[in-house]
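None of the figures in this text is laboratory data; all of them are computed from the coordinates on show. From a predicted model like this one, the values you see are computed outputs, not experimental measurements. Ideal geometry is used to build each Cβ from the backbone, glycine not excepted, and the neighbour counts take in all protein chains shown.
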């Protein structure tokens with residue numbers, strides 16, 4: 001028990017240190033960009049102004065409001081203080097909207113798109129990979145090149161291909177948005193149907209790309225395991241094939257679980273391409289516009305969410321591994 | 001497993017959809033009652049506040065010189081960029097200036113009413129201006145320097161008193177004209193309520209979401225979320241009175257889906273999910289010639305739209321080589337192949353400089369008639385004149401003395417950069433043509449494409465030395481044009497202004513030109529004006545402080561006629577500008593729309 005406590009204690013300390021460093025970087029990095037977002041807001045307001053001193057007044061007003069005229073260290077402490085109050089600040093690019101408001105209205109779309117896509121891609125990919133390793137012969141000869149091909153198509157390429165093929169040419173899928181362009185959200189079967197049909201292309205554009213990578217990884221892990229000594233030994237003992245495959249699959253799964261956990265951790269930022277190409281509402285497109293608009297508070301908030309999710313997931317993984325994999329436990333308790 | 005996944009999927013989706021459900025009664029907008037827009041709204045709308053700033057609500061609160069968007073809130077007059085006229089909206093009949101150009105009297109229409117049924121009165125106009133000055137919104141910052149006060153004569157008549165200089169002359173009567181077509185009038189009683197609930201705090205008033213706003217226009221808010229904004233017609237709209245339109249606008253709903261980018265908007269436009277698109281589509285004629293789509297533009301032939309502005313390459317006079325060598329400035333300008341720019345970057349959606357010779361005027365007939373073309377004919381250049389440019393440089397003693405192919409000044413090789421924002425592909429193409437012209441005449445010009453936010457931070461800084469030649473557009477149209485644009489090109493008083501969004505970004509200084517800029521607003525005699533405009537153009541073409549690269553519409557206006565038709569067209573006799581059926585007098589189009597079939 002003492003070993004566990006020491007192990008968790010160490011993990012928690014590292015977790016906290018990483019968190020502090022990450023928050024610091026989240027704050028500083030966006031602010032190192034060479035542009036001045038306050039000038040950008042002023043520009044939007046001031047175009048067409050003929051009174052030349054007016055633009056300067058507008059600029060000073062916003063500087064004051066956003067606190068960008070204060071020293072950066074002071075800005076950081078204000079940022080941290082607000083974080084503790086759950087206040088992520090006001091967005092520059094969508095001023096005067098609150099960052100928390102922007103994120104809460106888009107994060108559910110992203111999770112609803114990404115989470116099932118990651119799970120489905122992962123399940124299908126691993127299944128195909130394991131089958132390819134086990135069946136070999138013709139199946140493997142087809143599957144491996146197809147998987148390699150799919151996993152090497154960049155996400156935007158896949159999204160554009162699906163868009164052009166199914167939406168523009170065949171016209172069997174909608175081109176953009178989260179629901180029909182002529183609908184207003186409501187509780188009706190038609191609306192749900194519309195949401196589901198708009199869901200297909202972005203969903204499959206993510207699934208198809210991830211299947212390939214997962215399948216290739218699972219296949220090689222399985223082949224490695226199939227040739228392991230314990231498999232040969234089990235065969236000698238006359239254990240049924242199905243039982244052996246079960247063992248092999250479980251062992252080959254371990255690294256794949258890490259991969260799954262990491263994809264879930266980073267999913268908030270991961271759907272960027274699909275969201276942009278299909279004009280799908282979500283955090284990915286929000287992040288993209290925040291970055292191109294130099295919107296520090298929004299960038300910091302979205303990257304903070306990603307950081308936190310990755311940290312929490314990897315922390316949980318460490319803990320779970322400690323329990324489920326005796327080899328890891330032994331190594332870490334030493 | 002599949003069932004489980006399907007269940008997870010659909011419940012997640014329903015949950016998501018449920019979160020954005022609003023109180024709107026209609027769940028599907030009838031296609032034949034809805035006019036869809038594209039290219040205007042790029043993010044979730046943040047308010048419906050006509051006296052706020054930071055309005056991203058494009059359909060409801062766009063106030064602009066070119067003609068404000070009067071769907072929900074209304075201006076006194078509607079600007080028409082086709083002929084520069086102001087058509088009365090809330091105002092009744094023409095406005096009248098006194099002889100000194102210090103007082104402008106306007107009457108309001110008797111029929112003009114707010115959505116709560118009360119009259120639009122002089123007090124509303126006065127309160128709109130006063131609150132603007134108090135809280136520093138766009139009305140206050142934009143007009144506070146030109147309007148001293150607005151005073152009521154009676155409930156429906158008021159006088160705008162122009163700000164005057166020490167010698168009693170008005171500061172700028174043209175800017176008072178801008179107020180007429182540009183500023184949304186808000187209800188005094190509603191303004192008082194907003195001020196009260198925000199405790200008089202200026203920032204809070206500017207950012208007020210205005211859920212309870214009172215409007216006077218034909219449409220009002222209906223629904224908005226992350227994906228769209230919908231306005232609905234107000235069937236009690238005062239404008240159906242015979243003294244205004246005599247009827248209601250045809251579409252019941254005005255909708256704008258929020259697309260991620262131009263490409264997504266283009267796909268939706270071609271699919272017929274957008275009726276009116278405000279977006280530059282390269283080779284737009286191919287949509288009807290080759291793809292056979294029911295898409296059309298204001299004009300059937302090139303340039304397809306009404307060009308109002310001219311994206312321009314500005315020389316940075318903080319660079320002594322450019323400031324001191326007029327011959328170098330002119331040589332680069334006459335060497336540039338403008339026909340290539342217009343054919344490639346603009347896909348011919350711009351008249352050429354042979355069709356519309358360069359000046360300080362936009363290519364509309366109205367502005368072109370304002371100056372003496374013959375007087376500046378000798379100074380004109382249509383581009384791609386490499387020999388002329390080389391001769392000019394040789395004559396000025398700017399030579400390639402070390403034989404490396406590049407000319408030198410004081411023994412140093414001339415090396416300049418040409419800058420525009422990254423991703424603005426038509427502008428980037430234009431800058432490449434400028435660089436190529438440099439190569440042809442032995443002047444090294446390298447292109448540089450930083451992100452937009454960086455570009456604007458640099459070029460609005462009056463002391464910048466980072467960019468030598470950079471692209472930006474002067475203003476297109478408005479009641480104070482062409483004065484406003486001439487000022488942007490030539491006003492020496494703008495040199496050294498911090499955060500300079502106003503004009504003269506190249507920091508060019510010429511005493512006579514600055515004088516002309518000051519004289520124009522105070523001159524009303526057409527002949528005198530013509531002489532001033534012509535002289536300004538002479539200075540501009542002689543000194544070449546900047547050079548325009550193409551003409552360009554201020555708004556793009558393309559329509560997909562799969563559902564609606566009878567959009568404004570060139571020569572249809574209606575004089576409705578192609579302003580997306582919403583801006584200034586362009587809104588008149590909404591009253592004439594018809595369903596296809």
task: Mind putting together the pair-distance distribution for the stretch B:431-487? All Cα pairs, 10 Å bins, whole percent per bin, short to long.
output: 19, 35, 35, 11, 1
- request: Return the distance in nm (one decimal) between the two label points of a simple spin-label model at residue A:240 and residue B:204, each offset 7 Å from Cα along Cα→Cβ.
  value: 7.5 nm
query: With labels modelled as points extended 7 Å from the Cα through the Cβ direction, what inter-label distance (nm, one decimal) is found for residue A:119 paired with residue B:94?
result: 7.2 nm
Relative contact order of the stretch B:458-597, pairs being alpha-carbon contacts under 8 Å that are 6 or more residues apart, as %: 16 percent
query: Expressed as an acute angle from 0 to 90° and rounded to the nearest 10, what is the orientation of the C-alpha long axis of helix A:37-46 relative to the principal long axis of chain A?
result: 50 degrees
statement: Percent antiparallel among DSSP beta bridges confined to the stretch B:408-544, nearest 5, equals 20 percent
message: Given axes a ≥ b ≥ c from the Cα gyration tensor, I'd like to know whether chain A is rounded (a/c under 1.5), prolate (a/b larger than b/c) or oblate.
response: oblate
statement: Rounded to the nearest 10 degrees, the helix B:526-543 long axis (Cα) sits at an angle to the longest Cα principal axis of chain B of 50 degrees
field: Range of Cα positions in the stretch A:9-143 per principal axis (Å), largest first
entry: 77, 48, 27
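Mind checking the alpha-carbon convex hull of the stretch B:363-461 and giving the volume per residue in Å³? Each step should come with its number before you reach the end.
Values: hull volume 16.8 nm³, N = 99.
It comes to 170 Å³ per residue, whole-number rounded.
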Least to most buried among B:557, B:373, A:85 (fewest other Cβ within 10 Å first): A:85, B:373, B:557
- prompt: For chain B, what number results from the quotient of the Cα radius of gyration and 2.2 N^0.38 Å?
  reply: 1.03
message: Restricting to DSSP H runs of at least four residues, report the calculated mean residue ellipticity at 222 nm for chain A, -39500 (n - 2.57) per run over all residues, nearest 500 deg cm²/dmol.
response: -26000 deg cm²/dmol
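Can you give the alpha-carbon Rg of the stretch A:119-211 over 2.2 N^0.38 Å, where N counts its residues?
In units of the globular-protein estimate, the stretch A:119-211 measures up at 1.34.
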- prompt: How do B:520, B:205 line up, fewest other C-beta atoms within 10 Å first?
  reply: B:520, B:205
- line: Connecting every pair of Cα atoms under 10 Å apart in chain A and solving the GNM, the largest mean-square fluctuation among A:236, A:149, A:278 falls on A:236
message: What translational diffusion coefficient, to the nearest whole µm²/s, does the stretch B:303-360 have by Stokes-Einstein, given a Kirkwood radius computed over alpha-carbon pairs, a temperature of 4 °C and 1.567 mPa s viscosity?
response: 99 µm²/s
query: Distance in nm between label sites at residue A:25 and residue B:562, each 7 Å beyond Cα in the beta-carbon direction?
result: 4.7 nm
message: With the alpha-carbon atoms as the only input, what is the per residue convex hull volume for the stretch B:134-234 in Å³?
response: 146 Å³
message: Only Cα pairs within less than 10 Å get springs; with that Gaussian network setup on chain A, which residue of A:56, A:214, A:114 has the largest fluctuation?
response: A:56
field: For chain A, built as a Gaussian network whose Cα springs stay under 10 Å, the top-fluctuating residue of A:101, A:36, A:229
entry: A:229
statement: For the stretch B:79-213, the Cα gyration tensor yields equivalent-ellipsoid semi-axes (√(5λ), largest first, whole Å) of 25, 19, 14
message: Please state the shape class of the stretch B:223-369: rounded when a/c is under 1.5, otherwise prolate if a/b exceeds b/c and oblate if not, all from the C-alpha gyration tensor.
response: prolate
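Given a cut-off of 22 Å, what percent of all Cα-Cα pairs of the stretch B:20-98 lie beyond it?
Roughly 43 percent, once rounded to a whole number.
Going by how many other beta carbons lie within 10 Å of each one, how would you line up B:108, B:90, A:83, B:370, fewest first?
Details: B:108 23, B:90 26, A:83 16, B:370 19.
Fewest-to-most Cβ neighbours within 10 Å comes out as A:83, B:370, B:108, B:90.
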field: the stretch B:300-314 and the stretch A:91-158: distance between their alpha carbon centers, rounded to Å
entry: 44 Å
message: Apply the a/c threshold of 1.5 to the C-alpha gyration tensor of the protein assembly as shown and tell me whether it is rounded, prolate or oblate.
response: prolate
field: Rounded to 10°, Cα long-axis angle of helix A:99-135 versus longest principal axis of chain A
entry: 20 degrees
field: chain B, helix-only ellipticity at 222 nm - DSSP H runs n ≥ 4, -39,500 (n - 2.57), divided by all residues, nearest 500
entry: -8500 deg cm²/dmol
